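Student: My questions all concern the structure below.
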Amino acid sequence: MKTVRIAVRNNEHTIKFGIGALYALAEAPAILSADAVCVVADTNTARFIPQVRGVLPALPVYEVTLAPGETHKTPETVVELCRAFARYGLTRESTVIALGGGVVGDITGFAASCYMRGIRCVQLPTTLIAMTDSAVGGKTGVDLPEGKNLFGAFHQPSAVIAELRFLDTLPEREIKAGLGEILKYYGLGAFPNASLDAFPLTQTSMLSDAFESVISDCVAYKARVVEEDELDVGKRRFLNFGHSFGHALEKMHNFKTYTHGEAVTFGIIIALRVGVKLGITAPDTSDSMLSAAAKMGLVTDSGVSPAELLPHMRGDKKNVRGIIRLVMLRQIGEPLIYEITESELNSVLEGL
Ligand code: GLY
């Protein structure tokens, strides 16, 4: 099991991951000092609740099972969840546990930030994408009809515990979704080339030390970035590499056709092509990223022409005063924020 520490403002906690990491839950300070806990899962992850109960110390344990999927990531679900916390009599000494992927983590973290003006939340991510990215760093929130993640808060977890055995039964498409975020971290320089030897992933190699190291490097990279820029006003924006085009692709298809990770992969490839065309990204960097994607077994062509994405980039919260902010790579490990007007971007995308 590996441990990464993260310290931000008035919160310091650990991120633990590995085979058997779940046992660390029993020793987490947010559990040991809780008067009660409430485990929040969805219908896909509720099957892990008995394992979670099995390691919890003797204290009242409540459960809520949510309907799965992004369409339920709404303010109404957060209100329902807070009302369940109230019915169970949770207090400011209680802890909620988010047991699931990014959607469960985002909803539960946000409900924890609102209930009684903030109670503790432990993240138990069950998907690769949540383990490497969304469960870490305290971004919580839900979608509004006007856009994704527009209603939320920064609420740091009190612990993150990633039990790699939960990945055993994760469908291959969900594994690939996580690899999209791992490709992002590779581009940001989070792990050395040699770590690519952990790929392609199989059920066996996913539980290997080599793969545990890849996750560890991604998480450690993110932890350092969040420590420096928790509120996303500087360096943390680099973590959006691939997301501007990726979100546009998701939005264009009403969040139904692609997983977030698939869209991020396509978004990364488009950002590289744009970067090469603008003379920002070295062509050999783009080639290295493509071979890393191939090693990970990722599909890199969405079949959508990049110019079609532009209208769907308008509501992006990264944009300011009509200027689109893109994360680009100069080379691996050297990201930058590039500001471009819509009409300039349109002419770049037209020719791609
Ligand atoms: N997923 C990007 C971030 O947490 O900032």
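The values are calculated or read from the model by the stated rules, or taken from the named source; none is laboratory data. All values derive from a computational prediction rather than experimental measurement. Neighbour counts run over all protein chains shown; Cβ positions are idealised from the backbone, glycine included.
Student: Can you tell me how many residues within segment 164-200 are touching a residue at least 40 places away in the same chain (Cβ under 8 Å) and either within 16 Å of the ligand (Cβ to nearest atom) or part of a loop (DSSP other than H, G, I, E, B) (or both)?
Tutor: Total meeting the criteria: 16.
Student: Another one. Which one is farthest from Val304 (Cα to Cα) among residues in segment 263-280 that are surrounded by 22 or more Cβ atoms within 10 Å (Cβ to Cβ) and of a type outside the set (A, V, I, L, M, F, W, C)?
Tutor: Among residues in segment 263-280 that are surrounded by 22 or more Cβ atoms within 10 Å (Cβ to Cβ) and of a type outside the set (A, V, I, L, M, F, W, C), the one farthest from Val304 (Cα to Cα) is Gly275.
Student: Working only within segment 331-352, note down all residues that are among the small types (Gly, Ala, Ser) and in a helix (DSSP H, G or I).
Tutor: Of everything in segment 331-352, those that are among the small types (Gly, Ala, Ser) and in a helix (DSSP H, G or I) turn out to be Ser343, Ser347.
Student: Condition first: farther than 15 Å from Thr132 by Cα and part of a helix (DSSP H, G or I). Now tell me which residues in segment 239-261 satisfy that.
Tutor: His243, Ser244, Phe245, Gly246, His247, Ala248, Leu249, Glu250, Lys251, Met252, listed by residue number.
Student: Still on this structure, please answer the following. Every residue in segment 14-26 that is modelled with pLDDT of 95 or more and either over 20 Å from Phe166 (Cα atoms) or surrounded by 14 or more Cβ atoms within 10 Å (Cβ to Cβ) (or both), please.
Tutor: Within segment 14-26, Thr14, Ile15, Lys16, Ala21, Leu22, Ala24, Leu25 meet the criteria.
Student: A further question follows. For segment 40-79, which positions are within 26 Å of Lys251 (Cα to Cα) and assigned to a helix (DSSP H, G or I)?
Tutor: Passing the criteria: Glu70, Thr71, His72, Pro75, Glu76, Thr77, Val78, Val79.
Student: I'm trying to understand the selection: among the residues of segment 155-189, which are of a type in the set (Gly, Ala, Ser) and within 15 Å of the chain's Cα centre (by Cα)?
Tutor: Ala162, Ala177, Gly178, Gly180
Student: Considering only segment 315-330, state which residues are under 23 Å from the mean Cα position of the chain (by Cα) and touching a residue at least 24 places away in the same chain (Cβ under 8 Å).
Tutor: Gly315, Asp316, Lys317, Lys318, Ile324, Arg325, Leu326, Val327, Met328, Leu329
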